[in-house]
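In what follows, a structure is listed as C-alpha cells, so that the remarks can point back to it.
Taken together, the values in this text are just the output of simple stated rules run on the coordinates, not laboratory data. Given the structure is predicted, the values throughout are model-derived calculations rather than measurements. So basically every Cβ, Gly included, is an ideal-geometry build from the backbone, and we count neighbours across all protein chains shown.
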Amino acid sequence: MQEKQFRYERKYYLSPDNAAVLRHRVSCLLQRDKHSNGSYLISSLYFDDIYDTALHEKQSGVFTRDKWRMRWYNNRLDPVHLERKHKEGELGLKLHAKVSEDQYHRLSAGDMSIAAAQTGEVWEAFYRLHCTNCLRPVATVIYEREAFSYAPGNVRITFDSGLRASMPGSAVSIPICTDGLTILELKYDSFLPAVVEGLLSGMQFTQLSLSKYVMARHTLMNFGFA
C-alpha cells in the first residue's frame, strides 16, 4: 500500500520576463531535479470515460475529482507509470503503478482488458472505473519541464513550456496555444517555507484555471478531433 500524502498544488501563468526572473531566483536556492541537469520531456496519455467526466468536472470546478493518465519521460518507455491524480481543492494526491512496455502499447490502443489481471490499488481502481464508466484513452499531452526542489516543506517548483497535444498513438502533435506563457507549478506539503515564499514576492502571477488535459482536449477539438 502506498503512503497517502496530500500536497498543496498551485498553478500559474508567467510572462516570458517573469519566468526568466523567477527561474534565476529559484536556481540560486533550490536544487535541480535529481533526474535531470536541465529540462526534460514529459508525455502524459490521459484517460476519460464515455461521459468525459474528468473533462467536465475540471471545467466546472468540482471540488473532489480524479484524473487518470500514463506518464513517461524523454520519449523512453522505461519507466512508464499509470497514475491516479486525486484532487480536493488545492490539495492533490498522486498514486501510481508500474506499466510494462506491452501494457503501455495495449492501453494506448484502447485495450483495457490488460488491467483485469493486474493487482494493486491503482490497477484495481482503474479497472473498476473502466467496467462501470468505460474508460478509454483520449489525449496525449507533451511538454518541456524544468524542475527544482527544496527539502524543507518538500517543495517542488516546475516551469513547463512548449505544450503540444496529440491523439492516442499518433506521432503527429499540435501546439497548444499559451501565448508564449510559461506554466509555473508550485507543490509543497503542510507548509511553504518563508524563504521560498520570498522568492515569489513581487512577481506578477495569473492563476491557471484550466489543466493541461483540458487545454489539450480543447486544442484537439478545435482541429476536428473528438
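Report the full-extension gain for the segment V21 to K34: residue separation times 0.36 nm, less the Cα-Cα distance, to one decimal in nm.
2.4 nm
Amide H contacts of I174: A165, S166, each under 5 Å away and 5 or more positions distant or on a separate chain (H built 1.01 Å from N in the peptide plane; Pro and chain starts excluded). Taking a ≥ b ≥ c as the square roots of the eigenvalues of the Cα gyration tensor, an a/c ratio of 1.5 or more together with a/b no larger than b/c marks region 151-202 as oblate.
For region 1-111, the square roots a ≥ b ≥ c of the C-alpha gyration tensor eigenvalues yield an a/c of 1.5 or more together with a/b not exceeding b/c, which makes the shape oblate. With a ≥ b ≥ c the root eigenvalues of the C-alpha gyration tensor of region 117-226, is it rounded (a/c under 1.5), prolate (a/b larger than b/c) or oblate? It is oblate, given that a/c is not under 1.5 and a/b is not larger than b/c. Mean sequence separation of contacting Cα pairs (under 8 Å, at least six apart), scaled by the length of the chain, corresponds to a relative contact order of 28 percent. Efficiency by 1/(1 + (r/R0)^6): what FRET value for K98 and S60, r their Cβ-Cβ distance, R0 = 41 Å, to the nearest 0.05? About 0.80, to the nearest 0.05. Set the Förster distance to 25 Å, then compute FRET efficiency between E197 and H86 from the Cβ-Cβ distance, nearest 0.05. In this case the efficiency is close to 0.45.
Return the whole-Å distance between the Cα centroid of region 99-164 and the Cα centroid of region 30-90. Cα centres, region 99-164 to region 30-90: 6 Å. Projecting the Cα positions of M70, L14, S39 onto the charge dipole of region 5-71 (unit charges on Cβ atoms of Lys, Arg, Asp and Glu, taken about the Cα centre) puts S39 furthest along the positive direction. Helical runs assigned H by DSSP (4 residues or longer) give the chain a calculated mean residue ellipticity at 222 nm of -8000 deg cm²/dmol, each run adding -39500 (n - 2.57) before division by the residue total. With each label modelled as a point 7 angstrom along the Cα→C-beta vector, the D52-Q5 pair spans 3.6 nm.
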